[in-house]
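Written below as C-alpha cells is the structure these notes are about.
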Amino acid sequence: MHRQRTTFSRRMNRVFTHRANRVSKAIERQGIRATYELHDRLLSNRTSRERFDEAPPQLDDLQRGILAEVREQGYALRSFQDLVPDESHWAELLAERDRFVASTEADLAAGGEHVRVRPGKEFVVRLCSYGVELGPDDPWFRVASSRRLLDVANAYLEMWSKLEYVDVWYSVPQPGSAQRISSQRWHRDYNDKHLLKIFLYLVDVDENMGPFQYVAGSQPGGPYADAWAWRPLGQNYPTEEELESRIPAEAVRTFTGPAGSFLFCNTAGFHRGGFSTTKPRVLATATYSSPASLASLTVRSYTYTGALEELDPASRFALG
Ligand SMILES: O=C(O)CCC(=O)C(=O)O
C-alpha cells in the first residue's frame, strides 16, 4: 500500500487544521458576541424592557432592600423565612432535600453511575440538570417562579427576565489534596451580564464545605467591574493568584451560614464555591437572565408542566 502522506505533510496538516480550528473558533466567538450585543441593544431585551416599563412591579421594603444591595455590591443575603414565612413551605423543601440526598448517596455508594452530573463538573450532583419537566408541584420551582422572586429579578434587570435554570445541587466532598477546578475557581459567568442568581442553603455551610464566595463590587457597574471585565463568552477564569493580587482581600465575601441562608447575586461578577473537603454542601439554585442571554437564546433547563395560559404575562414570559 502507498503511503498517502509524508510525515512532513502530516505535520503541516496538523498545523493548518489547528490554525483553521482556531480561526473558525475566533470567528464563531465574534459572531456569538455580535449576536449577544444585537439582542441586548435592539432585539430581545428592548422589547423586554418596554414590557417591564409599561407596568413595573410594586415592591415591598424587603424586596426593595434586596434590589438596592444587589445593585450596590452585587449580592444581598437574607433568610428564607424572611421571604417565605410559611413554615410548611420550608418543611417541603427539607423533605425534597432529604429525598435527593438519600438517592444521591445510595447512587454514589453504588459507583455513581446514575447521578446527574455534567462533564468536567462531576463534583456537583444535580437533582434536575437539563431536560426535566417542572411545575407548581415542585417546592423549589414554586419559590423560584413565584412573583415575589420574579419581581425582584425583573426589577433588578429592569426588564422581563427568563427563569432559565432551576435545580438543587449536592457538592461531593473532595480529598483535601484536590485542586480547585471549574466553578470552584474564581470566574465570571459567561452567558449574560443581566443576570440574577439565587442560592438557598439547605444545610448549614461552614468554611470547609465550599461556601459560595463573591467579590463585592465586581458586578457590572461596580468598582471591580473592569478587572477581567465581563464579555459574552469571555475568558473569565484568571488564576487564583492573579485575582487575589488585583482584588483586595476585604472585597471577598464568604457565605458560611445556616440552612435557610438565601443569597441573591449577579454572577457576572466574580464568584466561586462548592469546594467542600468535609461534608456535602446542599443548596437550591435558580437563574434569571435576560432574553439576550447566550444560554436562554439556546436552552432552558426545564419544560414547564403547568398551564402557561393561566399565568400572568410576566410569569408566562419567564417560564414559557
Ligand atoms: O457552587 C458554587 O458555589 C459556585 C456556583 C457557580 O459558579 C455558579 O452558579 O455560577
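Candidates are the residues of segment 122-147 that are surrounded by 15 or more Cβ atoms within 10 Å (Cβ to Cβ) and among the charged types (D, E, K, R); the one that is nearest to A295 (Cα to Cα) is R126.
Of all residues in segment 79-91 being part of a helix (DSSP H, G or I) and farther than 17 Å from F199 by Cα, which is modelled with the lowest pLDDT? Spell out how you get there, then give the answer.
Here is the first cut: in segment 79-91, the ones part of a helix (DSSP H, G or I) are 80-83, 87-91.
Filter again for farther than 17 Å from F199 by Cα, leaving 87-88, 91.
Numbers: E87: 93, S88: 96, A91: 98.
In this case the residue turns out to be E87.
Residues are listed down the side, and each one gets a yes or a no for (1) modelled with pLDDT of 95 or more; (2) surrounded by 12 or more Cβ atoms within 10 Å (Cβ to Cβ):
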residue	(1), (2)
M1	no, no
T17	no, no
V23	no, no
Q30	no, no
P56	yes, no
R71	yes, yes
F100	yes, yes
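Quick check: anything in segment 265-277 polar (S, T, N, Q), more than 17 Å from the chain's Cα centre (by Cα) and surrounded by 13 or more Cβ atoms within 10 Å (Cβ to Cβ)? Checking segment 265-277: at least one residue is polar (S, T, N, Q), more than 17 Å from the chain's Cα centre (by Cα) and surrounded by 13 or more Cβ atoms within 10 Å (Cβ to Cβ). For T277, are the conditions met, namely being within 15 Å of the ligand (Cβ to nearest atom), in contact (Cβ under 8 Å) with a residue 60 or more places away in the chain and closer than 26 Å to L67 by Cα? So T277 does not fit the description; no.
Comparison of S129, S161, S177, S145 shows that the only residue that is of a type in the set (S, T, Y) and over 18 Å from the mean Cα position of the chain (by Cα) is S177. Considering segment 245-264, and only residues there that are assigned to a loop (DSSP other than H, G, I, E, B) and not hydroxyl-bearing (S, T, Y), the residue that is farthest from the ligand (Cβ to nearest atom) turns out to be P248. Checked against the criterion of being surrounded by fewer than 16 Cβ atoms within 10 Å (Cβ to Cβ) and hydrophobic (A, V, I, L, M, F, W, C), segment 234-247 contains not a single residue that satisfies it.
Of all residues in segment 170-194, those satisfying the criterion of being modelled with pLDDT of 95 or more, in contact with a Ser or Thr (Cβ under 7 Å, 6 or more places away or on another chain) and either among the polar types (S, T, N, Q) or crowded, with 22+ Cβ neighbours inside 10 Å (or both) are Y170, S171, Q174. Filtering segment 119-155 to residues that are within 13 Å of S171 (Cβ to Cβ) and either among the charged types (D, E, K, R) or in contact (Cβ under 8 Å) with a residue 60 or more places away in the chain (or both) leaves K121, E122, F123, V124, R126.
Of everything in segment 200-218 that is among the β-branched types (V, I, T) and within 24 Å of L93 (Cβ to Cβ), the residue that is farthest from the ligand (Cβ to nearest atom) is V203.
Quick check: anything in segment 177-189 under 30 Å from S245 (Cα atoms) and among the acidic types (D, E)?
Filtering segment 177-189 down to residues under 30 Å from S245 (Cα atoms) leaves 177-189.
Of the ones still in play, those that are also among the acidic types (D, E) are 189.
Taking every residue of segment 177-189 in turn, at least one turns out to be under 30 Å from S245 (Cα atoms) and among the acidic types (D, E).
Is one or more of the residues making up segment 296-305 crowded, with 22+ Cβ neighbours inside 10 Å and either within 14 Å of the ligand (Cβ to nearest atom) or of a type in the set (G, A, S) (or both)? The answer is yes; a qualifying residue exists.
Rundown of residues vs (1) at positive phi; (2) part of a loop (DSSP other than H, G, I, E, B), yes/no style:
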position: L200; (1), (2): no, no
position: V203; (1), (2): no, yes
position: G217; (1), (2): yes, yes
position: A225; (1), (2): no, yes
position: W230; (1), (2): no, yes
position: G234; (1), (2): no, yes
position: Y237; (1), (2): no, yes
position: L243; (1), (2): no, no
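Of everything listed in (1) more than 19 Å from I181 (Cβ to Cβ); (2) touching a residue at least 40 places away in the same chain (Cβ under 8 Å); (3) surrounded by fewer than 22 Cβ atoms within 10 Å (Cβ to Cβ), the single unmet condition for T287 is (3). Please tell me if T267 is part of a loop (DSSP other than H, G, I, E, B) and within 15 Å of the ligand (Cβ to nearest atom). The answer is yes for T267. Mind checking which residues of segment 164-198 are assigned to a loop (DSSP other than H, G, I, E, B) and within 10 Å of the ligand (Cβ to nearest atom)? If the condition is that a residue be assigned to a loop (DSSP other than H, G, I, E, B) and within 10 Å of the ligand (Cβ to nearest atom), then R185, W186, R188, D189, Y190, N191 are the ones that fit. The lone criterion from (1) outside any strand (DSSP E or B); (2) out of contact with any Asp or Glu (no Cβ under 7 Å at 6 or more places or on another chain); (3) away from the ligand (no atom under 14 Å from the Cβ) left unmet by H114 is number (2).
The values are calculated or read from the model by the stated rules, or taken from the named source; none is laboratory data. Small disclaimer: the values here were computed from a predicted structure and weren't measured. Using ideal geometry, Cβ is built from the backbone for each residue, glycine included, and neighbour counts are taken over all protein chains shown.
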